[in-house]
Each structure stands twice: as structure tokens, then as C-alpha cells.
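The values are calculated or read from the model by the stated rules, or taken from the named source; none is laboratory data. Source: prediction; values computed, not measured. All Cβ positions, even for glycine, are placed from backbone atoms using ideal geometry, and neighbour counts span all protein chains on display.
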Amino acid sequence: MRILGIIPARYASTRFPGKPLADICGKPMIQHVYERAKMSGGLHGLIVATDDQRIYDCVRNFEGHAVMTDSDLPNGTARCEQAARIFGGDFGAVVNIQGDEPLLDPVMIDEVCGMLEDDECATLCREMYDDEMSSPNAVKVVMSQQGYALYFSRSLIPYKRNASTLPIYNHIGIYGYHMGFLKEYVRLPDTPLCMAESLEQLKILEHGHKIRVKVTASTHESIGVDTPGDLETVRGIMNAKV
């Protein structure tokens, strides 16, 4: 099965407008993400899906592939679905790659690609650090014995009423979808838990579908850039590696 990697990238952002074009060690952030994703051996194509001409031109300038999508799409998943239709090709699945992860480990993309051999929807998690547990921005996930998501929450789950060494898992926002499922998913109506937690993936569970979750083998440090402060942290890490 041929798999298309898609990086949704919007210019508008409440906390950090224009962050895909933010400079990191001489390159825009979107270029760092694109180049990291290109290292994956599981992808058969890679594009940026944007609604902004500046981002589109930037990607074309570093000889990447980009697709212009509608500006009124509700989320990155819908942007991926539209971009896949516009781009075309005989792709059987899509991997949605976050555009604000300039330290992305391509191993994670490979892991999701491998999961799509057996499952129509897949994502990753890792053990949570202590300082993340109380943060609503760190999304927690619990899984069944078979490795499928039971629930995602901004609250701490599970609640350890009894002394336990049970790990707490942090959801990693990279998703894989079979193309047919992606087309169905974006047309599903929002659901009560999805809206209450403001977590798009809960819509999948509430409509009765499964999400395969794997604990990533990657130990690579990856920081999502949500604020200018996060950008400075990433710049420091990259500068230290030079």
C-alpha cells in the first residue's frame, strides 16, 4: 500500500501567527519538518497542505510539494483529506504529520506506516514526564489489552486510587488513516466528548471506530512549537547540535 505524508500548515494562529515560516537556524520551521519527514522510509509521497500563499511559495522555494486548500476547513484532518483529493495518485493511506514539530523523529512516521498494514487508523504515545501530568495541553491516552485506544483526555487518566506502577501515556499527535476511512471520518458529525475535551480524535471512538495506539520506540527529543518561547527552546537545541 502506498502511503502519502501530509503536513497541514496554516499561517493563522491565536498564540503564534505565522509560525510555519519562523526562522530556525537559517531555515523556516516548515522546511525543517519537511526535511525530517523526507527521511522516513515508509512514505511514498510527501506534501504540505496550506491555505496561505506565503507558506505555499516557501515550500516551493525549497523544492517541496505543496497543495492549496480551503481556508475555512475545521481542522488539520479535513485539510489532509482535501489535499489528498487535490494531489491525487494511487495512495491507499495518509499520515498526518504535525507542521510544528521541527525535531520530528522520522522513526515515528515509519512506526505509523507499519501499523496501517492492519488497522484503518493509527497513532502513537510515549510515557509521560512528571511535569506534564497536570497540564491540559499534554493529552493522556489509555489503551485496551489489544492496543486500541479506550479514551483520550486532558485530565490525568487513569486515576491511581491504589498504589500502582502503571505508566501514564502521553498521546503523540501523528495519525495514520486508510484513505477510505479518512473520507468517512471527516464527514462524521462532532460528538459530545469531542467537543467537551476539544479533542478531535474522540469523535472516532464515539462513532464506534477503533484507533490503534503504539508506544513509540523513539527516544528522540521532540518539542511542538506552540509559542515563541517554544521556538527559542528549539533554536537552542538545534544550535547545540551544530
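Against the condition closer than 30 Å to Pro228 by Cβ, of a type in the set (S, T, N, Q) and part of a loop (DSSP other than H, G, I, E, B), how does Gln146 come out, does it pass? Taking the combined requirement at face value, the residue does not satisfy it. Looking only at residues in the range 142-166 that are polar (S, T, N, Q) and at pLDDT 95 or above, the one that is surrounded by the fewest Cβ atoms within 10 Å (Cβ to Cβ) is Gln145.
Taken over the range 25-45, the criterion of being crowded, with 19+ Cβ neighbours inside 10 Å and aliphatic (A, V, I, L, M) is satisfied by Met29, Ile30, Val33, Ala37, Leu43. Being more than 13 Å from the chain's Cα centre (by Cα), at pLDDT 95 or above, crowded, with 20+ Cβ neighbours inside 10 Å and closer than 16 Å to Leu182 by Cβ is a condition met by at least one residue of the range 89-103.
Condition first: within 18 Å of the chain's Cα centre (by Cα) and hydrophobic (A, V, I, L, M, F, W, C). Now tell me which residues in the range 176-203 satisfy that. Across the range 176-203, the qualifying residues are Met179, Phe181, Leu182, Val186, Cys194, Leu199, Leu202.
Here Asp72 meets the list (1) closer than 18 Å to Asp190 by Cα; (2) buried (at least 22 other Cβ atoms within 10 Å of the Cβ) almost entirely, failing just condition (2).
Of the helices (runs of 4 or more DSSP H) lying entirely inside the range 167-242, those containing at least 1 residues that are of a type in the set (A, V, I, L, M) and surrounded by fewer than 18 Cβ atoms within 10 Å (Cβ to Cβ) are 192-197, 228-241. Taking each residue of the range 92-120 that is under 22 Å from Ile24 (Cα atoms) and touching a residue at least 60 places away in the same chain (Cβ under 8 Å) and looking for partners that are of a type in the set (Asp, Glu) and surrounded by fewer than 21 Cβ atoms within 10 Å (Cβ to Cβ) with beta-carbon atoms closer than 9 Å, six or more apart or interchain, yields Asp100/Asp226; Asp100/Asp230; Leu103/Glu221; Asp105/Glu221. Here Leu166 meets the list (1) of a type in the set (A, V, I, L, M); (2) in contact with a Cys (Cβ under 6 Å, 6 or more places away or on another chain); (3) without any contact (Cβ under 8 Å) to a residue 12 or more places away in the chain almost entirely, failing just condition (2). Quick one: would you say Pro136 is touching a Lys or Arg at 6+ places or on another chain (Cβ under 6 Å) and modelled with pLDDT under 95? Yes: the conditions hold for Pro136. Restricting attention to the range 46-69, the residues being within 24 Å of Asp90 (Cβ to Cβ), among the hydrophobic types (A, V, I, L, M, F, W, C) and surrounded by fewer than 18 Cβ atoms within 10 Å (Cβ to Cβ) number 1. Taking the criterion of being over 17 Å from the mean Cα position of the chain (by Cα) and hydrophobic (A, V, I, L, M, F, W, C), would at least one residue in the range 129-137 satisfy it? Yes, the conditions are met somewhere in the range 129-137.
Of all residues in the range 116-141 being of a type in the set (Ser, Thr, Tyr) and in a loop (DSSP other than H, G, I, E, B), which is surrounded by the most Cβ atoms within 10 Å (Cβ to Cβ)? Among those that are of a type in the set (Ser, Thr, Tyr) and in a loop (DSSP other than H, G, I, E, B), it is Ser135.
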